[in-house]
Amino acid sequence: MDNYLMGFQDLQPAEMAGFKELTSSMTESQQQQFFMLYSGKRKKPQEILLLTCLGFVGASGIQRFVLDQVGMGILYLLTAGLCLIGTIVDLVNYKKLATDYNLTQMYESARMVGIR
């Protein structure tokens, strides 16, 4: 498992715990398939931070679209990031937004390889 984790930079503690929990009962081929699926879906916190910062120059809500929160993305787009308050909140919480999204994708990837 450790050799797969080297490919992921900036892993959050919750992601690391999820990896250990999910991969403990996987075979080597399932682990490989899981990591390939998850690496394609994972969003880096820095990406979310950058997309959130775009909200200050007029492109509010892009981070929500990228995180598959289309309804919130449309709301941010139409209200200029909820009058910039939502954009500021997202700026403060960008790591949590990325981690929550990544955990969802991690469990989805595990289901796709037949675990859980």
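Bear in mind that the values in this text are calculations on the coordinates, not laboratory data. All figures in this text were calculated on a predicted structure; none of them were measured in a lab. So basically every Cβ, Gly included, is an ideal-geometry build from the backbone, and we count neighbours across all protein chains shown.
Numbers at a glance
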read-out: Flag for ALA17 being over 15 Å from SER109 (Cα atoms), assigned to a helix (DSSP H, G or I) and of a type in the set (Gly, Ala, Ser); value: yes
read-out: Check on PHE56, under 16 Å from SER109 (Cβ atoms) and among the hydrophobic types (A, V, I, L, M, F, W, C); value: no
read-out: Selection count, the range 83-116, where residues are farther than 22 Å from SER24 by Cβ, of a type in the set (S, T, N, Q) and buried (at least 20 other Cβ atoms within 10 Å of the Cβ); value: 1
read-out: Single residue of the range 24-82 satisfying the filter (hydroxyl-bearing (Ser, Thr, Tyr) and not in a loop (DSSP other than H, G, I, E, B)) that is surrounded by the most Cβ atoms within 10 Å (Cβ to Cβ); value: THR52
